[in-house]
Amino acid sequence: MCWRLRYLAADYAEQTATGRRMTLEQLLGRLEGVRRLQTGYSAKCPSHDDRVNSLSVNAGDGGRLLLYCHAGCTLEAILVALRLAGRDLFPAQEKPPRRRAVRRRVAYEIRAATGALVAVHERLEYDDGTKEFLWRREGKRGLGGLAVSELPLYGSEDVAAVAPGSLVVVTEGEKARDALAGRGIMAVGTVTGASGTPSPASLEVLVGKDVVLWPDADEPGRAHMQRIAERLVALSVRPRWLEWGGGEDGGAGRGRLQG
Ligand SMILES: [Zn+2]
């Protein structure tokens with residue numbers, strides 16, 4: 001290894017350790033025969049035996065560094081010759097573009113019993129199989145300081161309109177609630193996730209209704225509904241439970257009401 005390559009490797013190791021990225025000046029400092037052009041720079045391509053300046057160097061939108069060899073070297077080959085990774089071409093504050101793409105976007109509108117829009121819960125499904133939930137409130141990302149437990153139950157505006165004593169099923173999450181609502185069953189969904197618990201104010205809409213709790217068939221799901229049941233009892237609501245049977249089939253697809 002010649003002294004120059006050794007220097008580059010050491011410098012690169014330090015860069016990787018500190019997470020720093022290249023500036024245009026740093027990049028030019030690693031190249032030979034640098035000449036300033038009307039736009040950008042040219043230099044000897046480090047990836048082939050370059051007699052003329054085949055390499056174009058420029059800073060693109062957002063400070064991303066652009067390298068192009070007119071003799072046909074690939075960007076990968078140039079980066080290898082420079083002991084750099086693709087991410088070094090991006091400015092430090094900017095992440096390389098996310099590789100996953102949104103495959104499906106569902107937006108759940110969380111409304112108060114009055115019908116007023118309080119927040120939007122966005123479910124993003126990516127093509128790599130991952131999913132992500134985002135909150136938006138008043139057009140901005142996040143909940144603007146509002147605790148998730150203080151949000152209305154999903155579907156509160158529909159439940160507020162039904163007669164006292166009507167059956168209302170409580171599900172974990174918006175998706176399960178929509179599945180029931182699509183079958184004509186009055187339901188509300190919690191929006192806190194299994195680890196959270198809706199506040200007493202959020203549960204108020206259930207007072208006077210025939211409440212049936214439908215926990216997800218897992219331990220966090222049952223604990224979630226158990227905490228809701230305790231809060232409902234404090235509001236003088238005696239909820240019933242839809243329990244998954246513990247039969248040989250693991251209870252799949254079979255539920256029974258307990259009152
Ligand atoms: Zn080249």
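If each Cα of the range 124-230 is one equal point scatterer, what is log10 of I(q)/I(0) from the Debye formula at q = 0.12, 0.18, 0.25 Å⁻¹?
-0.43, -0.93, -1.45
Rounded to the nearest 5, what % of DSSP beta bridges with both residues in the range 146-258 are antiparallel?
30 percent
Return the long-range amide H neighbours of ARG240 (sequence gap of 5 or more, or a different chain), with a cut-off of under 5 Å between placed amide H atoms.
Amide H to amide H, under 5 Å and 5 or more residues apart or across chains, ARG240 pairs with VAL211, VAL212, LEU213.
Give me the dipole magnitude in Debye, nearest 20, for the range 175-223 about the Cα centre, with unit charges on the beta carbon: positive for Lys and Arg, negative for Asp and Glu.
My answer is approximately 140 debye.
How far is the Cα center of the range 192-218 from the Cα center of the range 98-163, in Å?
The range 192-218 and the range 98-163 have Cα centres spaced 17 Å from each other.
No value in this document is a laboratory result; all are computed from the given coordinates. Just so it is clear, the structure is predicted and the values come from calculations on it, not from any experiment. Virtual Cβ from ideal backbone geometry, glycine too; neighbours counted across all protein chains shown.
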